[in-house]
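Report on the structure given below.
Read the figures in this text as sums done on the coordinates, not as results from a lab. Please read all numbers here as calculations on a predicted model, not as lab measurements. Cβ: placed from backbone, ideal geometry, glycine included. Neighbour counts: every protein chain shown.
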Amino acid sequence: MRGLVHACIAVVGSRFRRNVPLASALGAGLALLSINPVLADPQKVWAAGAYSFSDELGGFRITGASGSGARDDPLVITEELESATPVTLTIRTTKPIKAFADAAEYANGIMYMRIEALNNSGKAWVEFEFELQETLGQPSVFGDGLSFDQRNRNPDNIVSSNYAKFDRNFEPYDRLLFTQGNVDPLKTVEFEFLMTDYTPRWTFYLVQDPRIPSS
């Protein structure tokens, strides 16, 4: 970010040397800051395995990312949620896509996940739901290949540190709901599950929805 600011100053400064109109110089300088939001704020993107993870859509903060996504080395995302409203994790592939290949070298469509979420919303969470979306704001359908391991009818890899029960809901959505539990403010909850994408995409989304008691 500091480098981009210096670049903007240089662009504006060159106006005086080249007799460029001030408005044009300012516009060019601002354009440098808007070229790439990832460069403008690198703390919003974390890389792990064959993917990057971003909190760029707001409402929460990623504090760490590690792992490859293999069963014995899951992708671990640590985060802090600042409200009890849905937030969206943006996931992008950073390595070549090759279904079922080595998770260390390729985005292979098989992602064992562990989410560690700190409740900084000030309210207790009584349920927690995840939803996968291939296109932001649109439900994931069977044909896109993206799901919470939909082909496995009896998964043994979906667990939570604070919730005793889970339900998966497919068509027209891909949702995973954790119930029968509680996460108090300033406490951390862990979730483990498998995400599969048999037609891997470069970008997809994981919506996270902490739920509070109804009034």
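Under 14 Å from a point 7 Å along the Cα-to-Cβ line of residue 157: which residues of the range 40-80 have their amide N that close? Within reach of a label on residue 157: 68-76. With all distinct Cα pairs included, what does the Kirkwood hydrodynamic radius of the range 69-147 come out to in Å, to one decimal, could you say? That comes to 14.7 Å for the range 69-147.
Remark: for residue pairs 165/187; 44/165; 98/165, the C-alpha separation exceeds 22 Å in 44/165; 98/165.
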